Amino acid sequence: MKKLNLRTGIPFSLLISVVLGFLRLIESPDVGMYVVLTYDYFIFSLLCWIGNTLLIDSKPARRYSFSRPVFYLISILASSVLAILFAWFNTKLKVQPPTVNLVYVPDSHRSLMIFFFRGILLNLMNAFFVSHIKQQRDHQQNQLALEQLKQTHLQANLNSLKQQLSPHFLFNTLNTLSSLTKEQQVKDYVDQLANVYRYLLDHQKKDIVDLTTELAFTTSYLYILQTRLDSALEIKMQIGADIVQYKIPPLTLQLLVENAIKHNVASASKPLKIYIGIHDDHLVVINNLQPKASVEASSGIGLTNINQRYQLLFNREIKIEMDAVFFTVKLPLQS
C-alpha cells in the first residue's frame with residue numbers, strides 16, 4: 001500500500017476545516033452548525049488528501065499517452081467527485097433541525113452548483129499541496145540517487161587509478177613491441193591489446209559512447225580472452241550494421257563478459273558460451289550457467305552499477321533474467 005503521509009494530511013485537513021468552519025461561523029454565528037461543518041470539512045479534506053495521494057503517486061498505464069499535468073487534472077477531478085458525493089450522502093444521512101441549513105445540503109440547482117464548486121476549489125488546494133510535497137520528495141530522492149552515483153563513479157575512478165601503471169607508457173610500449181616482433185600472431189595480439197588501452201584512454205571519462213565504438217573495443221577485448229582461454233571460451237556476436245544511432249555507457253559489455261567469466265566454469269570440456277546480439281530493441285548478452293563451486297556469491301555490484309548508469313543517463317533500467325540453463329542481461333537500446 002502506498003504511503004498516504006497521514007502525519008501531514010491529518011493536521012492539514014484539520015487546519016483547513018477549522019478555518020473554513022470559522023469563516024462560516026462569522027457569516028452565521030451558530031456554534032452547533034460550526035461544529036458540524038468543521039467535522040464535515042475535515043472528513044471531506046482528509047478524503048481528498050487520501051485520493052490525491054493515491055492518484056498522484058500512481059503512474060498512467062502505458063496504453064494511455066497522458067501527459068503528467070493532464071493525469072494530475074484527471075486525478076483531481078476524480079477525487080473531487082468521489083469525495084463530494086461521499087460528503088453529500090454523509091449529510092443526507094444526518095438528521096438536522098429544520099432551522100439548520102448546511103452548506104452541503106443542495107436544496108436547489110444554485111446550491112448544488114455552489115456545493116460542487118466549493119468542493120472542487122477545496123480539492124484543488126488540497127491537490128496542489130499534495131503535488132508540492134511529492135515534487136519535494138522526488139527531488140530529494142533524485143538528489144540522493146545522484147550523490148550515490150557520484151560516489152560510485154569516484155570509487156571506480158579511484159580503483160582505476162590504483163590499478164593502472166601509466167596507460168600512456170603501456171600503450172607506447174605495446175606499439176614498440178608490435179613493431180619489434182615478426183610473428184603475426186604476436187603482432188595481432190599486441191595490436192588488439194593496444195586497441196583496448198587506446199579505448200580506455202579515450203573513453204574512461206565519458207558517460208556515453210557510440211555502440212559501434214563499444215563493440216569494436218569489445219571485439220578486441222574478446223580476442224585477448226579467446227587467445228588466453230582458447231577452446232574454453234566460445235563467443236558468438238550477431239550485430240547488424242544499422243546500429244550507428246545507438247548509445248551505451250562505456251565498458252558496459254566488457255563488464256558483463258568479465259562477470260560471466262568470473263562466476264562460471266570455462267574449460268575445454270565445459271566451454272563457457274557467450275552470445276551478444278540485438279533482440280526486441282535490446283542489446284542482449286547471454287551466457288550458459290555453469291557456476292564455479294569455489295567462487296563467493298555475487299554481490300551484484302557490477303550489474304547494479306550498470307543499472308544505475310542507465311537510470312541516470314537514459315531514465316531506463318536493464319533487465320536481468322536467469323533460469324536453470326542461461327543467464328541473460330538485456331540492455332535497452334538508446335538513440
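Please specify each residue of the stretch 299-316 satisfying the condition of being touching a helix residue (DSSP H, G or I) at 6+ places or on another chain (Cβ under 6 Å) and assigned to a loop (DSSP other than H, G, I, E, B).
Of everything in the stretch 299-316, just one residue is touching a helix residue (DSSP H, G or I) at 6+ places or on another chain (Cβ under 6 Å) and assigned to a loop (DSSP other than H, G, I, E, B), namely Arg316.
Given the structure, is Lys187 part of a helix (DSSP H, G or I), of a type in the set (Lys, Arg) and not assigned by TED's automatic domain parsing to the domain that holds Asn315?
So Lys187 passes the test.
The values are calculated or read from the model by the stated rules, or taken from the named source; none is laboratory data. Computed from a predicted structure; not experimentally measured. Glycine gets a Cβ as well: all are built from the backbone with ideal geometry, and neighbour counts include every protein chain shown.
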